[in-house]
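In what follows, a single structure is set out as structure tokens and then discussed.
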């Protein structure tokens, strides 16, 4: 899911108490903010499924709706309507989700994790490793990777190694995806050696292993060989993935910032 989409959902959550208080001053302004906030999310979601000029059109409508929210809040302030939020984006723990995926199946797990964290009230967003800049604003960081022959993707390992000292100052969780069976549901799969060493250095809070996915039309010699052996299938348990993400969210929310 686009980071903009998850941020738009978080915006709506942070506006809930604002809308409730504005109802006591001016119901029309409160309703306008509600409609504009909904418009931001819906247009970003629709734009993500379009291409070319259509995509830009929906994103422009989302931006216009965001501007409408700002104008409504400025208007409320100008009228002297005393509106305060008990909880907003600056008070909500920020969580960064990073993932290395070869064919996209692990990225879909990262998307489910991010969406669950947002649903649990956290300010979570997903980025590619190349997009990850300053880590300081984040309370927690979740790093995931596809795993093949007990090896993580190179960019995921490189990120952990490069930022190990900095990550040690954050709450960090890891997840890996790859086994083409239901074994992750029955037993704990160890992290690859290099990743395990980095995890110990960082002092991670925990990790999880999820099943993988192999499409029958997957490209590559090894993938074709595995398909011929009957290994194709989707072994990801999204109920288990979301349950794990909810546990992570509860741990983050239950602790004060360091």
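Descriptive notes on the structure:
- Per-residue ellipticity at 222 nm from helix content only, as computed over the chain with -39500 (n - 2.57) for each DSSP H run of at least four residues, stands at -16500 deg cm²/dmol.
- In units of the rule-of-thumb radius 2.2 N^0.38 Å, the chain shows an alpha carbon radius of gyration of 1.16.
- Computed over the range 28-73: relative contact order in percent, which uses C-alpha pairs under 8 Å that are six or more apart: 48 percent
- Pairwise centroid distance, computed over Cα atoms, of the range 30-47 with the range 98-122, Å: 23 Å
- Degrees separating the helix 3-22 axis from the principal Cα axis of the chain, which is the longest one: 30 degrees
- Seen against the Cα atoms of the chain and their longest principal axis, helix 105-119 is set at about 30 degrees.
- Shape call, the range 74-154: gyration tensor on alpha carbons, a/c limit 1.5: prolate
- Compactness index (Cα Rg / 2.2 N^0.38 Å), the range 15-87: 1.25
- The relative contact order of the chain comes to 17 percent, based on Cα pairs under 8 Å that sit 6 or more residues apart.
- Helix 238-254 axis versus longest C-alpha principal axis of the chain: approximately 60°, rounded to the nearest ten.
We did not get these values from a lab; they are worked out from the coordinates using the rules stated. On a predicted model such as this, the values are computed, not experimentally measured, just so you know.
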